[in-house]
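For reference, the structure is listed below as structure tokens.
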Amino acid sequence: MRLFDTYIIVDWSAAATPKTGRDSIWICRLCPDGETVANLPTRHAARELLAGMLADAVDKGERVVAGFDFPFGYPAGFAKRLGLNGTPWRSTWDEIARLIDDHADNHNNRFEVGAELNRRVSGAAFPFWGCPASAAGDFLGPRHHRGHTTDEPLEERRLIDDWMVGAQPCWKLAYTGSVGSQVLTGIPMVRALRDDPRWVDVARVWPFETGLGLPDDARIVFAEVWPSWWKVCPKLGPPNDKAQVRTVARLFAARDRAGELASWFIPPISDAAVKQVLAEEAWTLGVMTPRVRASKQPPAPHPDPLPARGARESSLLA
């Protein structure tokens, strides 16, 4: 029996102007009616489309998993350093949503927010970094600050980031591979969708609100994903962003049909790690074993969406 009827995968962008094509917002939905792929020029347009997709699923009684390609949390201790009260992950989400000003034309204040968060955390240009020269100042610099040392308890990476070789830290706001700006602009969007009154009672953020598992009352499940964890199917693009969202949506659907998707909501981590993950750091759906650098030892096996041969490959790419 399948867990979900609809699979939505989102490749997010923090672009400051409307943009389509490479390095912009791509959304893929797989549902009983077929596949929908959209390339949206703005975050506001993407939020409206996603809300419509969720509303359609709710109206049809479908269960949805929606994966977003940016971290849902920060390294443990961030909320405390900001002076926030309450559950760390939620208080951080609320604070970011309060600070971010994201206009309909994509103009946003993410670098100003990064600088303000740095001021509150350290009184200096730490821990966020990466910005154009025009945005640099006392509390945000264009280059890595090298501030994560043994004397600094705020880590550069989350537990899950250490499992995913190549994943960039959430503090990096600009330059190749950066994801920090996507976090600052993406969390307010997921928060708004999760809290939409049309489905607020059945929406859950994994793993923060579900634990490591999937309760029956979670009919809309928001999760963090990292499409680069899997091999992309090039013929599902171009560009690569399009191929990635289509590959991962089909991967999720295929694993669900095979009865394997449920296990992905229960990663094999220690009790101590579970506490850290659920309180503040989050986890990346589908990452079930660490991938280590080849210079140290052969890479550990990891989920592969494209079986080498046989019937399962054709069903995945159908």
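Every number here is computed from the coordinates shown, using simple stated rules; none is lab data. What you see is a predicted model; the values in this text were computed from it and never measured. Ideal geometry is used to build each Cβ from the backbone, glycine not excepted, and the neighbour counts take in all protein chains shown.
Determine if segment 177-185 includes at least one residue that is part of a loop (DSSP other than H, G, I, E, B), of a type in the set (Gly, Ala, Ser) and under 19 Å from the mean Cα position of the chain (by Cα). Full working, then the answer.
Kept after step one, since they are part of a loop (DSSP other than H, G, I, E, B), are these residues of segment 177-185: 177-179.
Still in the list and also of a type in the set (Gly, Ala, Ser): 177-178.
Filter again for under 19 Å from the mean Cα position of the chain (by Cα), leaving 177-178.
Yes - at least one qualifying residue is present in segment 177-185.
All conditions but one from (1) farther than 23 Å from LYS275 by Cα; (2) crowded, with 16+ Cβ neighbours inside 10 Å apply to ALA76; the one that does not is (1). When the residues of segment 260-295 are filtered to those that are part of a loop (DSSP other than H, G, I, E, B) and without any contact (Cβ under 8 Å) to a residue 12 or more places away in the chain, the one that is nearest to ALA66 (Cα to Cα) is GLU260. Restricted to segment 129-143, and to residues there that are surrounded by fewer than 24 Cβ atoms within 10 Å (Cβ to Cβ) and outside any loop (DSSP other than H, G, I, E, B), the residue that is nearest to the chain's Cα centre (by Cα) is ALA135.
Please report, ordered by residue number, the strands (runs of 3 or more DSSP E) entirely within segment 6-103 with at least 3 residues that are more than 18 Å from PHE128 (Cβ to Cβ) and not hydrophobic (A, V, I, L, M, F, W, C). First the steps, then the outcome.
On the way: elements: 6-11, 25-31, 34-40, 64-68.
It comes to 6-11, 34-40.
Only residues that are in contact (Cβ under 8 Å) with a residue 40 or more places away in the chain and surrounded by fewer than 21 Cβ atoms within 10 Å (Cβ to Cβ): list them for segment 13-23, please. Break it down into steps so the answer makes sense when it comes.
Within segment 13-23, the first condition is being in contact (Cβ under 8 Å) with a residue 40 or more places away in the chain, and the residues that meet it are 13-19, 21-23.
Hits for segment 13-23 are ALA15, ALA16, THR17, PRO18, LYS19, GLY21, ARG22, ASP23.
When LEU99 is tested against (1) under 20 Å from PHE72 (Cα atoms); (2) crowded, with 18+ Cβ neighbours inside 10 Å, just one condition goes unmet, and that condition is (2). Annotation: of all residues in segment 201-249 being free of Cβ contacts under 8 Å to residues at least 24 places away in the same chain and within 20 Å of MET288 (Cα to Cα), the one that is nearest to the chain's Cα centre (by Cα) is GLU209.
Within segment 63-117, the set of residues being without any contact (Cβ under 8 Å) to a residue 40 or more places away in the chain and among the basic types (Lys, Arg) comprises LYS80, ARG98.
Got at least one residue in segment 107-115 being surrounded by fewer than 17 Cβ atoms within 10 Å (Cβ to Cβ) and part of a helix (DSSP H, G or I)? No, that holds for no residue. If the condition is being exposed (fewer than 14 other Cβ atoms within 10 Å of the Cβ) and without any contact (Cβ under 8 Å) to a residue 40 or more places away in the chain, then segment 153-195 contributes THR176, GLY177, ASP195.
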